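Read the structure below first, then the notes.
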Amino acid sequence: MNELTIHDYLQNKGLNEYGIAGLMGNLFAESGLNPRNLQNSYENVLDMNDNAYVAAVDNGTYTNFVQDKAGFGLAQWTFGTRKQALLDFAKASGKSIGDLIMQLDFLWKELSESYPGVLAVLRAATSVLEASNAVLLNFEKPVNQSKDVQKKRAEYGQRYYDQFA
(Lines give C-alpha, C1' and ligand atoms only; values in the text may rest on other atoms or scores of the structure.)
Protein backbone atom coordinates (compact mmCIF):
# COMPACT_ATOMS: atom_id res chain seq x y z
CA MET A 1 0.00 0.00 0.00
CA ASN A 2 1.57 3.24 -1.17
CA GLU A 3 0.01 5.38 1.58
CA LEU A 4 1.71 3.51 4.42
CA THR A 5 5.01 3.21 2.54
CA ILE A 6 5.08 6.95 1.80
CA HIS A 7 4.06 7.89 5.35
CA ASP A 8 6.68 5.66 6.96
CA TYR A 9 9.39 6.82 4.55
CA LEU A 10 8.72 10.48 5.40
CA GLN A 11 8.42 9.74 9.12
CA ASN A 12 11.80 8.00 9.04
CA LYS A 13 13.25 11.13 7.40
CA GLY A 14 12.19 13.20 10.40
CA LEU A 15 9.11 15.03 9.16
CA ASN A 16 6.44 15.66 11.75
CA GLU A 17 2.89 14.38 11.22
CA TYR A 18 1.62 17.75 9.96
CA GLY A 19 4.45 17.92 7.46
CA ILE A 20 3.89 14.36 6.29
CA ALA A 21 0.17 14.97 5.88
CA GLY A 22 0.65 18.26 4.03
CA LEU A 23 3.12 16.68 1.62
CA MET A 24 1.01 13.55 1.12
CA GLY A 25 -2.10 15.64 0.45
CA ASN A 26 -0.26 17.45 -2.33
CA LEU A 27 1.14 14.23 -3.79
CA PHE A 28 -2.37 12.77 -3.72
CA ALA A 29 -3.70 15.83 -5.59
CA GLU A 30 -0.92 15.50 -8.16
CA SER A 31 -0.85 11.75 -8.78
CA GLY A 32 -3.22 9.87 -6.49
CA LEU A 33 0.01 8.61 -4.85
CA ASN A 34 0.73 6.60 -8.00
CA PRO A 35 4.43 6.77 -8.90
CA ARG A 36 3.63 5.54 -12.43
CA ASN A 37 1.08 8.31 -13.08
CA LEU A 38 1.32 9.99 -16.47
CA GLN A 39 -0.61 13.28 -16.47
CA ASN A 40 -4.07 12.25 -17.64
CA SER A 41 -4.35 14.86 -20.39
CA TYR A 42 -1.21 13.43 -22.02
CA GLU A 43 -2.43 9.83 -22.22
CA ASN A 44 -4.36 10.65 -25.42
CA VAL A 45 -1.70 13.03 -26.75
CA LEU A 46 1.03 10.39 -26.39
CA ASP A 47 -1.31 7.44 -27.01
CA MET A 48 0.07 5.68 -23.91
CA ASN A 49 -1.32 4.78 -20.52
CA ASP A 50 0.74 4.96 -17.31
CA ASN A 51 2.30 1.51 -17.69
CA ALA A 52 3.07 1.87 -21.40
CA TYR A 53 4.74 5.23 -20.77
CA VAL A 54 6.91 3.87 -17.95
CA ALA A 55 7.90 0.82 -20.02
CA ALA A 56 8.75 2.93 -23.09
CA VAL A 57 10.89 5.36 -21.08
CA ASP A 58 12.58 2.55 -19.16
CA ASN A 59 13.42 0.52 -22.28
CA GLY A 60 14.49 3.56 -24.29
CA THR A 61 11.86 3.35 -27.04
CA TYR A 62 10.36 6.68 -25.92
CA THR A 63 13.10 9.31 -25.88
CA ASN A 64 11.13 12.53 -25.35
CA PHE A 65 10.48 12.07 -21.60
CA VAL A 66 12.43 15.17 -20.61
CA GLN A 67 10.88 17.52 -23.17
CA ASP A 68 7.29 16.24 -23.53
CA LYS A 69 5.90 18.63 -20.88
CA ALA A 70 3.79 15.80 -19.41
CA GLY A 71 3.59 15.65 -15.65
CA PHE A 72 4.87 12.35 -14.31
CA GLY A 73 5.14 10.45 -11.06
CA LEU A 74 4.23 11.17 -7.46
CA ALA A 75 4.92 14.89 -7.74
CA GLN A 76 3.94 15.15 -11.43
CA TRP A 77 7.40 16.39 -12.35
CA THR A 78 6.91 18.43 -15.52
CA PHE A 79 9.74 20.93 -15.99
CA GLY A 80 12.50 19.60 -18.26
CA THR A 81 15.41 20.01 -15.86
CA ARG A 82 13.52 18.27 -13.05
CA LYS A 83 12.43 15.40 -15.33
CA GLN A 84 16.01 15.03 -16.58
CA ALA A 85 17.21 14.87 -12.98
CA LEU A 86 14.54 12.26 -12.18
CA LEU A 87 15.53 10.18 -15.22
CA ASP A 88 19.23 10.41 -14.37
CA PHE A 89 18.51 9.49 -10.74
CA ALA A 90 16.46 6.45 -11.80
CA LYS A 91 19.18 5.27 -14.19
CA ALA A 92 21.93 5.79 -11.60
CA SER A 93 19.98 3.74 -9.06
CA GLY A 94 19.18 1.03 -11.62
CA LYS A 95 15.46 1.48 -11.03
CA SER A 96 12.41 2.09 -13.20
CA ILE A 97 11.23 5.68 -13.47
CA GLY A 98 7.98 4.37 -11.96
CA ASP A 99 9.58 2.87 -8.83
CA LEU A 100 8.00 4.25 -5.64
CA ILE A 101 11.08 4.17 -3.40
CA MET A 102 13.30 5.65 -6.12
CA GLN A 103 10.83 8.52 -6.51
CA LEU A 104 10.69 9.06 -2.75
CA ASP A 105 14.50 9.14 -2.69
CA PHE A 106 14.47 11.65 -5.56
CA LEU A 107 11.78 13.74 -3.86
CA TRP A 108 13.88 13.78 -0.69
CA LYS A 109 16.98 14.78 -2.68
CA GLU A 110 15.07 17.67 -4.26
CA LEU A 111 13.65 18.84 -0.94
CA SER A 112 17.04 18.58 0.79
CA GLU A 113 19.15 20.20 -1.91
CA SER A 114 16.84 22.61 -3.73
CA TYR A 115 13.95 23.36 -1.37
CA PRO A 116 15.42 23.60 2.15
CA GLY A 117 12.82 26.18 3.17
CA VAL A 118 9.98 23.81 2.31
CA LEU A 119 11.75 20.99 4.11
CA ALA A 120 12.16 23.15 7.23
CA VAL A 121 8.41 23.83 7.26
CA LEU A 122 7.66 20.10 6.82
CA ARG A 123 9.81 19.30 9.85
CA ALA A 124 8.29 21.95 12.13
CA ALA A 125 4.75 22.61 10.82
CA THR A 126 2.06 23.24 13.41
CA SER A 127 -0.87 22.53 11.07
CA VAL A 128 -1.66 20.51 7.96
CA LEU A 129 -2.59 23.74 6.12
CA GLU A 130 0.81 25.30 6.88
CA ALA A 131 2.65 22.25 5.56
CA SER A 132 0.34 21.82 2.59
CA ASN A 133 0.70 25.45 1.50
CA ALA A 134 4.49 25.27 1.78
CA VAL A 135 4.47 22.36 -0.67
CA LEU A 136 1.79 23.81 -2.94
CA LEU A 137 3.18 27.34 -3.21
CA ASN A 138 6.93 26.67 -3.07
CA PHE A 139 7.51 23.13 -4.40
CA GLU A 140 4.65 22.03 -6.66
CA LYS A 141 3.79 25.53 -7.90
CA PRO A 142 0.82 24.59 -10.11
CA VAL A 143 -0.82 27.23 -12.29
CA ASN A 144 -3.84 27.33 -10.00
CA GLN A 145 -2.79 28.21 -6.45
CA SER A 146 -6.14 29.71 -5.43
CA LYS A 147 -7.61 29.60 -1.92
CA ASP A 148 -9.93 26.82 -3.17
CA VAL A 149 -6.94 24.72 -4.27
CA GLN A 150 -5.15 25.43 -0.98
CA LYS A 151 -8.26 24.33 0.93
CA LYS A 152 -8.73 21.15 -1.14
CA ARG A 153 -5.09 20.06 -0.80
CA ALA A 154 -5.15 20.69 2.94
CA GLU A 155 -8.34 18.58 3.14
CA TYR A 156 -6.54 15.73 1.37
CA GLY A 157 -3.68 16.14 3.82
CA GLN A 158 -6.04 16.17 6.80
CA ARG A 159 -7.27 12.72 5.76
CA TYR A 160 -3.71 11.41 6.05
CA TYR A 161 -3.21 13.21 9.35
CA ASP A 162 -6.38 11.60 10.70
CA GLN A 163 -5.31 8.20 9.36
CA PHE A 164 -1.73 8.17 10.67
CA ALA A 165 -1.21 10.72 13.45
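The values are calculated or read from the model by the stated rules, or taken from the named source; none is laboratory data. No experiment lies behind these values; they were computed from the predicted model shown. For neighbour counting, all protein chains shown are included, and Cβ atoms are generated from backbone atoms with ideal geometry for every residue, glycine included. Heavy atoms of the whole protein, side chains included, go into the accessibility calculation; ligands, DNA and RNA do not. Shrake-Rupley method; radii C 1.70, N 1.55, O 1.52, S 1.80 Å.
Summary of values
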| read-out | value |
| --- | --- |
| Fraction of accessible area attributable to carbon and sulfur, the chain (%, probe 1.4 Å) | 50 |
| Distance from segment 1-31 to segment 50-127 (C-alpha centre basis), Å | 15 |
| Segment 13-53 - Rg (one decimal) and Dmax (whole number), Cα, Å | 13.6, 40 |
| Positive-end residue of Thr78, Phe139, Tyr161, charge dipole of the chain with Cβ unit charges | Phe139 |
| Angle in degrees between helix 50-59 and the longest Cα principal axis of the chain, rounded to the nearest 10 | 60 |
| 222 nm mean residue ellipticity, helices alone, for the chain (DSSP H n ≥ 4; -39,500 (n - 2.57); rounded to 500) | -20000 deg cm²/dmol |
| Residue-span extension gain [Asn51 to Gln150] - 0.36 nm each, minus C-alpha spacing | 32.6 nm |
| Crossing angle, helix 80-93 versus the chain [Cα axis fit, 0-90 degrees, rounded to tens] | 80 |
| Karplus (6.51, -1.76, 1.60) ³J(HN,Hα), θ = phi - 60°, over segment 24-37, in Hz, Gly and Pro reported as x | 5, x, 5, 5, 5, 4, 6, 9, x, 6, 9, x, 9, 5 |
| Candidate residues Ser132, Ser41: accessible-area rank, largest first, probe 1.4 Å | Ser41, Ser132 |
| Nearest-ten-degree value, helix 100-114 long axis tilted from longest Cα axis of the chain | 70 |
| Within segment 82-147: Cβ-based charge dipole about Cα centre, in debye rounded to nearest 20 (Lys, Arg +1; Asp, Glu -1) | 120 |
| Note, ³J(HN,Hα) from phi for segment 116-132, Karplus 6.51, -1.76, 1.60, rounded to Hz, x at Gly and Pro | x, x, 5, 4, 4, 5, 5, 7, 10, 4, 10, 7, 5, 4, 4, 5, 4 |
| Solvent accessible area, Å² - Arg82, 1.4 Å probe, full protein context | 50 |
| Net lengthening on full extension, Ala92/Asp162 (0.36 nm per residue, minus Cα-Cα) | 21.5 nm |
| Set of lysines with alpha-carbon distance to Lys95 below 19 Å, sequence-local pairs under 8 removed | Lys83, Lys109 |
